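A short write-up of the structure that comes next.
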Amino acid sequence: MNTNSEVTREIIERFHAAFEAHRADELDGLIGEGCVLENTAPAPDGARYDGREACLDFWKGIASSANLVFEAEEIWASEDRGIIRWKLSWGENETERVRGVNIIRVRGGKIVEGLGYVKG
């Protein structure tokens with residue numbers, strides 16, 4: 001793994017850890033200016049958020065939700081791109097969970113793009 005890939009992976013791991021631990025404030029130093037986020041909902045294309053503050057506000061809202069439980073299935077990085085495959089639960093029943101993936105781009109040590117997809 002080259003230096004760029006190592007930096008990208010470290011940032012993506014910190015990003016996901018903030019969701020798993022419900023530590024929304026840890027996202028502050030991870031999101032870059034000009035960030036673009038495409039959410040998983042509403043279908044078919046998901047809502048789009050433009051700019052650091054819009055992305056940060058959205059992600060902080062999710063990370064601070066105590067009833068949402070994220071679990072990483074896999075985190076992968078190469079160069080400036082990374083992928084998080086995850087499971088999200090909000091209850092104990094099979095119908096209260098979903099699996100998905102985030103495709104993330106890192107530039108200058110910050111997340112500048114996040115594209116979210118779920119299994120429907």
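The values are calculated or read from the model by the stated rules, or taken from the named source; none is laboratory data. This is a predicted model, so every value here is computed, not measured. Cβ sites come from the backbone with ideal geometry, for glycine too, and all protein chains shown count toward neighbours. Note: areas computed on protein heavy atoms with side chains; ligands, DNA, RNA excluded. Shrake-Rupley method; radii C 1.70, N 1.55, O 1.52, S 1.80 Å.
A few points about this structure:
- Region 6-51: number of residues that are open to solvent by 80 Å² or more (accessible area, probe 1.4 Å), assigned to a loop (DSSP other than H, G, I, E, B) and of a type in the set (D, E, K, R): 2
One line per residue, one yes/no per condition, for (1) among the β-branched types (Val, Ile, Thr); (2) modelled with pLDDT under 95:
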| position | (1), (2) |
| --- | --- |
| ILE12 | yes, no |
| HIS22 | no, no |
| CYS35 | no, no |
| GLY51 | no, no |
| GLU73 | no, no |
| SER78 | no, no |
| TRP90 | no, no |
| ASN93 | no, yes |
| VAL106 | yes, no |
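Conditions tested, residue by residue: (1) open to solvent by 40 Å² or more (accessible area, probe 1.4 Å); (2) in a strand (DSSP E or B).
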residue	(1), (2)
ALA72	no, yes
LEU88	no, yes
GLY91	no, no
THR95	yes, no
VAL98	no, yes
ASN102	no, yes
LEU115	no, yes
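- The conditions of being hydroxyl-bearing (Ser, Thr, Tyr), touching a residue at least 12 places away in the same chain (Cβ under 8 Å) and open to solvent by 30 Å² or more (accessible area, probe 1.4 Å) are met by SER78.
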